[in-house]
Structure formats: C-alpha cells, structure tokens
C-alpha cells in the first residue's frame, strides 16, 4: 500500500456499498472501525441522495480490540434486522476489520435470522472498488436468483448500474426507452432499484443487457451458465456502438424492430463546415475501461479527432483496453497512479483531455480543455437534468461533451486576436476555465538555462492558447539541442519550420 492524495477507486467494501445503496430492501452490515464511516458522504454529498446508505457499522474503537469484537458484530446484525426489517442482508468487513479475522459471514449465519444473509469475501488488499461491486452483485444473484417460467412477452434485464455510477440513472431511462422501441420490455433492472424479490425473477427474461462490465459481467456469466440467459457484449455508447448493440439484441431475442434515429444530431454536424475546424484535434482519454474505450471510439470514428493517449485505472479491463490501444497505434496506460497519468498527458501534448475528476484538475493546471467522461466524479457530474451517455440521446450528450470544450477554444483564439484591445490582456487564462484560471503556460515545465527575449515572447503570444504550450516546448527543445541559451524571434520561426518538416 502507499499514501496518496487521490485514488481512482476505493477499497472493495465501497463497491459493496454502491450495490447495497442502489437496491431496495437490502441492508449491509459492515464490520468496520469508527473512521470507515466516511463512505456515507460519497452518496449523500456527491451523488446528492436524500437518504443515507442502508449500511450499519459496528464502529469498534481501539479499546475494543482487547475485548470480543465478534460480539459487537453479532449485536450490530441483530439491531440492524430489528430496526430496518430488510428482505435480505449482506455482511462483510472493511479493509481495517479484515485484519481482525472475525469471520462476519460465519457469525451472521449462526444468528439464524429470518431473512437471507449473504456473506461477502472481499480481499481488501488485493482488489478495489469495482471488483467489490461486481463480486457483491454476483453473490446476491447466486443466493437469490432462481429458475422461473419465462415471461410471455420477450424481455431483457438491464444489468450493472449501481449507486455512485457515472450517469447510470439516466442510462437506465434511455435504454429502457430504446429497448421499448424494439418491441421488447424490461423485466428487471439490477442492482439499481431492484429488491431481493426482483433478483429472484431475473430468470423470467429472455436475455441480459450488460450495461457496465465492471460491475455486472460476473453475474451475467453466472446467469448464462445456470439460468440459460445470454447477454450482450456491446456497450451502447456512441452512434456506431448503439447500432451494433441493437443488431446484437435482435439476434439474441428475435425482435428486429429498429428505433427511430431522427433525434440524432451527429449526422448534421458531420455534414457541416463546422466539423472541419475540429478534425484531427489531439485528444487524451483516461477513465474506467468501459467509458475510456467508448469515448476513444467516438472521438476517432465519429468526431474525427486523433487519439494520442488511451488508458484506464481498473486492471480488470486492461486486456480489452490494450487491444484497442494497439488498434490506435498507441502504448496503453493501465495505472491507478494519477501522477503517471499527468506525466503521460504532458508527453502526449493533447489539445483536449477526456477523463475523470482528477484529469479535470490536471487540465485546469495545464490550461487544456477537458471533459469528464468517467467516474470517479464530483457533484457537478451528477446533473439534475436527463443526461445519459448510452443510446441515441446519449450520443447527442457525448457529442456536446467532446465538442464544446474545443469550440470554446476557438472562441479564445478569436479573443486572442484582440489582445491589444483595452478590454483584454494576455495574462488572462482561458475564460471557459473560470475567472481565476491560470495563464495558458502556467504549470507547464520550463527548460532550464534558456531565456526568451521580449520580442520572441510577444511573437509567441500570437499563437492560439490551446497550442501555445506545445509551441513553447518545441522551441525550447530545438534551442536546447543546438546549445542556445537565448530564444529570439528568428529561433522561434526556425523551430516552427523544423517541426513542420
């Protein structure tokens, strides 16, 4: 383990909390010290939920370690059932409590409570949050799902959405609408909004739609083997992926009706003159595997950007991401170290960053436009409005997400043309990054031992802000390779000609 000021994923018990919080009628008893109760804030503050997560903590303290901590857990289980009367319970330990080895699952089974009690064995020091959510949902399905008669009307289950997921609520609404237009119905959405009784009737569907592999693939594989439910492999993010998903869904269920694509805006953009202004822009993509790969595909194949960096933080998705990176001619970045990601961004010199909340901070410091396309996120990325990423409406949202930051960049370029006007001054940072944004070159590494003459600095300011940092670095590299200690206007244009060749 290592100390860090930022982490892309929490420990596995946070993933279990995401599943418990998403469901109804389920309660989670967590063997944990007092300090581990911080996780409540993830849901009430960031996701803006109106109720606390359905979690009871044992909250043992240091003085309890010399006594019977197992009895604390027994009491917590009994009290949780008596107070909340859940339809089912899951029990587990946090990373700290795992060291005590009290065996919460065995203790809870011995209590003989009148509801199903599902033990979780989450290796806190080897795996992370997404694994915890995936494993928790798998154990719930294994314990509660049964073979039941198929529904008369062809239907599917939506599998994978959880609490604290990136746009999961809105993706459910969009996919339910999209699937309804094909003539299918939705049998169960799980874990989001499902009760234990709903898990028991998953088998009534004719197949599963796997929305998020990170949190639902293990359960889909189990249901395919034990309940005979096939599942979709295409995540419908972007126009191309949505069309492929609909084809796969038709082959799986036999319902071949095609939804109306009239609400798509991307075809208009592709046929417009505006699209040529942004074609070939360099973009760096990082996030969870599902959203990073989807965003990279949309950026290259549907918007016309050049993907210059691609990575993910969850190692469970490393294999498919590496395959996509090879297709893009890139070296994949699989890491949960945000400092490595920042170094990769600096090396790639992108004109747009698509990432998580952490990459948003990096982008602000470097003066690079950024859009958030993946968890982990902050409160502003849980919008009150309908804002999906999946389906055709999600393609519209993603189009705005990718294009608008660069459109603002073009606006800044126009403002740069009037820098001598008394209303503007070049020390100001990009307006769309906020009133206190750093100047364009702030945060970028400066070459040591090289100075810029005032005339060269003035000439550099004529370069649009969103590529000015790259122009500065290239010029300093050019000067350093030739042993120059000073850069004048002539050196600036020599460097420009050199790199143009």
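Take the conditions under 30 Å from residue 289 (Cβ atoms), in contact with a helix residue (DSSP H, G or I) (Cβ under 8 Å, 6 or more places away or on another chain) and not assigned by TED's automatic domain parsing to the domain that holds residue 197 and apply them to residue 70. Does it pass? So residue 70 does not fit the description; no.
Restricting to region 364-397, name every residue that is closer than 24 Å to residue 349 by Cβ and touching a helix residue (DSSP H, G or I) at 6+ places or on another chain (Cβ under 8 Å). Result: 364, 366, 367, 368, 369, 370, 371, 372, 373, 374. Do we find a residue being assigned to a helix (DSSP H, G or I), surrounded by 13 or more Cβ atoms within 10 Å (Cβ to Cβ) and in contact with a strand residue (DSSP E or B) (Cβ under 6 Å, 6 or more places away or on another chain) anywhere in region 480-497? No: zero hits. Considering the conditions (1) over 15 Å from residue 389 (Cα atoms); (2) out of contact with any helix residue (DSSP H, G or I) (no Cβ under 6 Å at 6 or more places or on another chain); (3) assigned by TED's automatic domain parsing to the domain that holds residue 170, residue 231 is excluded by exactly one of them, (2). Taking region 5-96 and the strands (runs of 3 or more DSSP E) fully enclosed by it, the elements with 2 or more residues that are surrounded by fewer than 23 Cβ atoms within 10 Å (Cβ to Cβ) are at 55-57.
Surrounded by 14 or more Cβ atoms within 10 Å (Cβ to Cβ) and either modelled with pLDDT under 55 or in contact with a strand residue (DSSP E or B) (Cβ under 9 Å, 6 or more places away or on another chain) (or both), is that true of residue 459? It is false that residue 459 is surrounded by 14 or more Cβ atoms within 10 Å (Cβ to Cβ) and either modelled with pLDDT under 55 or in contact with a strand residue (DSSP E or B) (Cβ under 9 Å, 6 or more places away or on another chain) (or both). Restricting attention to region 444-453, does a residue exist that is at pLDDT 60 or above, farther than 15 Å from residue 349 by Cβ and assigned to a helix (DSSP H, G or I)? No, region 444-453 contains no residue that is at pLDDT 60 or above, farther than 15 Å from residue 349 by Cβ and assigned to a helix (DSSP H, G or I).
Within region 330-358, track down each residue that is without any contact (Cβ under 8 Å) to a residue 40 or more places away in the chain and touching a helix residue (DSSP H, G or I) at 6+ places or on another chain (Cβ under 8 Å). Those that are without any contact (Cβ under 8 Å) to a residue 40 or more places away in the chain and touching a helix residue (DSSP H, G or I) at 6+ places or on another chain (Cβ under 8 Å): 331, 332, 334, 335, 342, 357.
Here are 48, 18: which of them is touching a helix residue (DSSP H, G or I) at 6+ places or on another chain (Cβ under 9 Å) and at positive phi?
Selected residue: 48, the only one of 48, 18 that is touching a helix residue (DSSP H, G or I) at 6+ places or on another chain (Cβ under 9 Å) and at positive phi.
Would region 132-142 turn up any residue that is farther than 30 Å from residue 228 by Cβ, at pLDDT 80 or above and crowded, with 23+ Cβ neighbours inside 10 Å? So far as region 132-142 goes, no, none of its residues is farther than 30 Å from residue 228 by Cβ, at pLDDT 80 or above and crowded, with 23+ Cβ neighbours inside 10 Å. Given the conditions (1) modelled with pLDDT of 95 or more; (2) closer than 30 Å to residue 177 by Cα, which single one is not true for residue 335? The single condition residue 335 does not satisfy is (2).
Which of the residues belonging to region 252-268 are outside any loop (DSSP other than H, G, I, E, B) and closer than 26 Å to residue 224 by Cβ?
252, 253
Screening residue 172 against (1) within 24 Å of residue 318 (Cβ to Cβ); (2) touching a strand residue (DSSP E or B) at 6+ places or on another chain (Cβ under 7 Å) leaves a single unmet condition, (1). The single condition among (1) buried (at least 20 other Cβ atoms within 10 Å of the Cβ); (2) free of Cβ contacts under 8 Å to residues at least 24 places away in the same chain that residue 205 does not satisfy is (2). Only residues that are farther than 18 Å from residue 16 by Cβ and modelled with pLDDT of 95 or more were counted across region 149-165, and they come to 4.
Can you find, within region 117-131, the residue that is farthest from residue 226 (Cα to Cα) among those that are in contact with a strand residue (DSSP E or B) (Cβ under 9 Å, 6 or more places away or on another chain) and crowded, with 17+ Cβ neighbours inside 10 Å?
As a first pass, look at region 117-131 and keep what is in contact with a strand residue (DSSP E or B) (Cβ under 9 Å, 6 or more places away or on another chain): 117-122, 124.
Applying the additional criterion that residues be crowded, with 17+ Cβ neighbours inside 10 Å yields 117-120, 122, 124.
Working: 117: 21, 118: 19, 119: 20, 120: 21, 122: 23, 124: 28 Å.
The extreme case among them is 124.
Kindly indicate whether any position in region 209-217 is under 26 Å from the mean Cα position of the chain (by Cα), without any contact (Cβ under 8 Å) to a residue 60 or more places away in the chain and assigned to a helix (DSSP H, G or I). No, region 209-217 contains no residue that is under 26 Å from the mean Cα position of the chain (by Cα), without any contact (Cβ under 8 Å) to a residue 60 or more places away in the chain and assigned to a helix (DSSP H, G or I).
The values are calculated or read from the model by the stated rules, or taken from the named source; none is laboratory data. As the structure is a computational prediction, the values presented were derived from the model and not from experiment. FYI the Cβ positions are ideal-geometry reconstructions off the backbone, even for glycines, and counts take in every protein chain you see.
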